[in-house]
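Visitor: Let me begin by handing over the structure; questions about it come next.
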Amino acid sequence: KREVRLMLRLFEEYDIKLSNIIRTMYREGMKINSFQYKAMIAAISAKRSELLDKAGKRIHKTLAEAGPTEHEKEWELLFAALGLSSSMPKQAKVSDALKQPFSSGAASAASLGIWLAALKAVDFARIRDALALAVSQQESVDSAVARTVGTKDNKFRDGVAAFSRNNVRALVATSIVHVAQWMREKFWSRVSEVAGMVWVAILDTSTTAICRSRDNKVVMFGNNPRPEGASLLSPKGARPPAHPNCRS
């Protein structure tokens, strides 16, 4: 939650910069020509790219710090529960986790890098199209800013830039679940006392069909037999997060 708040503050800071670019380059009563429009779009593209590059670096930093913590936490929990006889396994690399798709199996989601690249492209396209409409209809500066950044009365949730804030909130949450799950599995699979793992879904009205169907299914490590009565997870390589904002 703390990281999401920090990320949203970063986006709010850049929303102000976006507003300033529009107000500086698209003044009241001005009939903007093709050259001026292209210059404004280029300035906006550069600033939004800078924003999402910073967001990506911040997410990577957060995940890099979370990995070792997750590793040590799992050791403490398992040692307390099982009285482990083996020594602590070697820690897996967080960088390897970030290269993996967010959801294994047939419906594989994008890795963090691919998701960020797609977010950057969609973010710019939304803002460019909103401004193109504002310019073509010769809207006022305030209207152009409201269309892109939003209005203060609606807490800036009504502009097209708000979509990216919502997407990055999901991206941060999903990335943390992905790295935590990946680090735990690498840890568990190297501890001889751990035979396998169980998919646990939070079951309520918000649970997706895919997570509901995977709840309580098991994946066994090595040649360990599955517990009596347990069903194997299918596909075997499926892991949380199964989708953005997955809580499994």
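The values are calculated or read from the model by the stated rules, or taken from the named source; none is laboratory data. None of the values given here were measured: they were computed from a predicted structure. For neighbour counting, all protein chains shown are included, and Cβ atoms are generated from backbone atoms with ideal geometry for every residue, glycine included. Areas reflect the complete protein model, heavy atoms only, side chains present, ligands, DNA and RNA absent. Shrake-Rupley method; radii C 1.70, N 1.55, O 1.52, S 1.80 Å.
Visitor: If I ask for residues that are within 28 Å of the chain's Cα centre (by Cα) and either modelled with pLDDT under 75 or among the charged types (D, E, K, R) (or both), which ones from the stretch 77-98 would you list?
Guide: Lys90, Lys93, Asp96
Visitor: Residue pairs, Cβ under 6 Å, 6 or more apart or interchain, first in the stretch 1-25 and of a type in the set (A, V, I, L, M), second at pLDDT 90 or above. List them.
Guide: Note: pairs meeting the criteria are Leu18/Val149; Ile21/Ala43; Ile21/Ile44; Ile22/Ala144; Ile22/Val145; Met25/Met40.
Visitor: Against the definition (among the basic types (Lys, Arg) and surrounded by 12 or more Cβ atoms within 10 Å (Cβ to Cβ)), how does Lys90 come out, yes or no?
Guide: no
Condition check ((1) touching a Ser or Thr at 6+ places or on another chain (Cβ under 8 Å); (2) part of a helix (DSSP H, G or I); (3) hydrophobic (A, V, I, L, M, F, W, C)) across all residues:
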| residue | (1), (2), (3) |
| --- | --- |
| Ala144 | no, yes, yes |
| Arg190 | no, no, no |
| Arg212 | no, yes, no |
| Glu228 | no, no, no |
| Pro241 | yes, no, no |
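Visitor: Of all the residues that make up the stretch 9-58, how many are in a helix (DSSP H, G or I) and open to solvent by 30 Å² or more (accessible area, probe 1.4 Å)?
Guide: 26
Visitor: Here is a list: Val172, Val179, Val194. Which entry is at negative phi, hydrophobic (A, V, I, L, M, F, W, C) and not in a helix (DSSP H, G or I)?
Guide: Of the residues listed, the single one that is at negative phi, hydrophobic (A, V, I, L, M, F, W, C) and not in a helix (DSSP H, G or I) is Val194.
Visitor: Related question: Of the residues Arg214, Arg239, which is modelled with pLDDT of 90 or more, buried (at least 20 other Cβ atoms within 10 Å of the Cβ) and either closer than 19 Å to Leu8 by Cβ or touching a helix residue (DSSP H, G or I) at 6+ places or on another chain (Cβ under 9 Å) (or both)?
Guide: None of the others qualify; the one that does is Arg239.
Visitor: Out of all the residues in the stretch 183-201, which are under 13 Å from Cys246 (Cβ atoms) and either touching a helix residue (DSSP H, G or I) at 6+ places or on another chain (Cβ under 8 Å) or touching a residue at least 60 places away in the same chain (Cβ under 8 Å) (or both)?
Guide: Across the stretch 183-201, the qualifying residues are Trp199, Ala201.
Visitor: Would you mind telling me which numbered condition in (1) more than 27 Å from Pro89 (Cβ to Cβ); (2) modelled with pLDDT under 90; (3) touching a Lys or Arg at 6+ places or on another chain (Cβ under 9 Å); (4) surrounded by 18 or more Cβ atoms within 10 Å (Cβ to Cβ) Asn245 fails?
Guide: (4)
Visitor: How many residues does the stretch 146-169 hold that are open to solvent by 60 Å² or more (accessible area, probe 1.4 Å), part of a loop (DSSP other than H, G, I, E, B) and either free of Cβ contacts under 8 Å to residues at least 60 places away in the same chain or more than 27 Å from Ile44 (Cα to Cα) (or both)?
Guide: Total meeting the criteria: 3.
Visitor: On to the next question. With Asp123, Asp142 as the choices, which residue is within 21 Å of Ser45 (Cα to Cα) and either hydroxyl-bearing (Ser, Thr, Tyr) or free of Cβ contacts under 8 Å to residues at least 12 places away in the same chain (or both)?
Guide: Sole residue among the options that is within 21 Å of Ser45 (Cα to Cα) and either hydroxyl-bearing (Ser, Thr, Tyr) or free of Cβ contacts under 8 Å to residues at least 12 places away in the same chain (or both): Asp142.
Visitor: Okay, next question. Applying the selection to the stretch 148-200, what residues are farther than 22 Å from Ala66 by Cα and among the charged types (D, E, K, R)?
Guide: Scanning the stretch 148-200 gives Lys152, Asp153, Lys155, Arg157, Asp158, Arg165, Glu193.
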